[in-house]
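To keep things clear, I will list the structure first and then write my remarks on it.
The values are calculated or read from the model by the stated rules, or taken from the named source; none is laboratory data. Predicted, not measured: the structure shown is a model, and the values here were computed from it. Note that each Cβ is placed from the backbone with ideal geometry, even for glycine, and that neighbours are counted across all protein chains shown.
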């Protein structure tokens, strides 16, 4: 897009209070630059629907709205315009010859229209959304005794929370992220991916809290800022410091910061129902919200999410792939996944 077109796109995104950070033009630019995915910015007047073509010899060719995002789908002025955008997406899929279309976490006003055009709903993911209008004391009470004790423990252990202010801090975050992804058995993004996020969104649209202990960075988070909502996109920590509860300290810092900055909500990011992260996120007092994905299949139906189908590979990655190899090979692998 030309700069004037990108600006007009973001102005359209801002028209909808339910739009997400990932609808912004810059997210598509990031995907194109770092991963080489082809972006299609479907637009009718002030209604928008970004989709990306993700090609892989392993996972096939797909149209996704949006890769490496919790959310996607249209933002439309009315139902008729939403249908026009969805039909345009279907036409694009036929021309490209994709295996399926995946729409991640669209707004619920578009569920019926998607199903009308043959999309199948899957409820693999959920999130927790915390309202920040309770006041600091109300938010503190809302996190429960166990979580409050863990926040206090982190403070008594000498953990301090800072917010990243330069590329050196970003590099510290990335090194923790690499170790976390290796422990979880997931291929990591490249440093370039996070560097471009920094270049495109810092400081107005993101914050990066970091936990330090005795001068060493031991945990970090990446939070996207959009409209009235903070979105927890990444959380990572060094395993040898987890008993000091640095993540709890970071999350409480984000909650306090969000309240002080005037945000109304924190979205804690997607989780599968069977993941241990669900128990951690539940403790912070947010409301459980389903995050349905919608699929339009043109070939073999996807009976289960690809990361579930290849869970055995995750165990092998965690146990047998050296960290140095994972950091080099991981960005290539994750590009295929989208």
*Go over the candidates 185, 135 one by one and state the one that is loosely packed, with under 15 Cβ neighbours inside 10 Å and on the phi > 0 side of the Ramachandran plot.*
135
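Table: residues versus (1) modelled with pLDDT of 95 or more; (2) on the phi > 0 side of the Ramachandran plot; (3) over 21 Å from the mean Cα position of the chain (by Cα).
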position: 212; (1), (2), (3): yes, no, yes
position: 215; (1), (2), (3): no, yes, yes
position: 218; (1), (2), (3): yes, no, yes
position: 223; (1), (2), (3): yes, no, no
position: 228; (1), (2), (3): yes, no, no
position: 236; (1), (2), (3): yes, no, no
position: 254; (1), (2), (3): yes, no, no
position: 261; (1), (2), (3): yes, no, yes
position: 269; (1), (2), (3): yes, yes, no
*Quick check: anything in the stretch 233-255 without any contact (Cβ under 8 Å) to a residue 60 or more places away in the chain, part of a strand (DSSP E or B) and buried (at least 22 other Cβ atoms within 10 Å of the Cβ)?*
yes
*Just give me the residues in the stretch 276-300 being assigned to a loop (DSSP other than H, G, I, E, B) and within 30 Å of residue 89 (Cβ to Cβ), in sequence order.*
298, 299, 300
*asked:* Within the stretch 42-49, does at least one residue satisfy the condition of being in contact with a helix residue (DSSP H, G or I) (Cβ under 7 Å, 6 or more places away or on another chain), at pLDDT 95 or above and crowded, with 21+ Cβ neighbours inside 10 Å?
replied: yes
*Within the stretch 256-272, how many residues turn out to be crowded, with 23+ Cβ neighbours inside 10 Å and in a strand (DSSP E or B)?*
2
*Within the stretch 42-80, can you find the residues that are in a strand (DSSP E or B), under 17 Å from the mean Cα position of the chain (by Cα) and free of Cβ contacts under 8 Å to residues at least 60 places away in the same chain?*
50, 51, 65
*Tell me which residues, restricted to the stretch 188-224, are out of contact with any strand residue (DSSP E or B) (no Cβ under 6 Å at 6 or more places or on another chain), surrounded by 17 or more Cβ atoms within 10 Å (Cβ to Cβ) and in a strand (DSSP E or B).*
213
*For residue 39, which of the numbered conditions (1) touching a residue at least 40 places away in the same chain (Cβ under 8 Å); (2) not in a loop (DSSP other than H, G, I, E, B) fails to hold?*
(1)
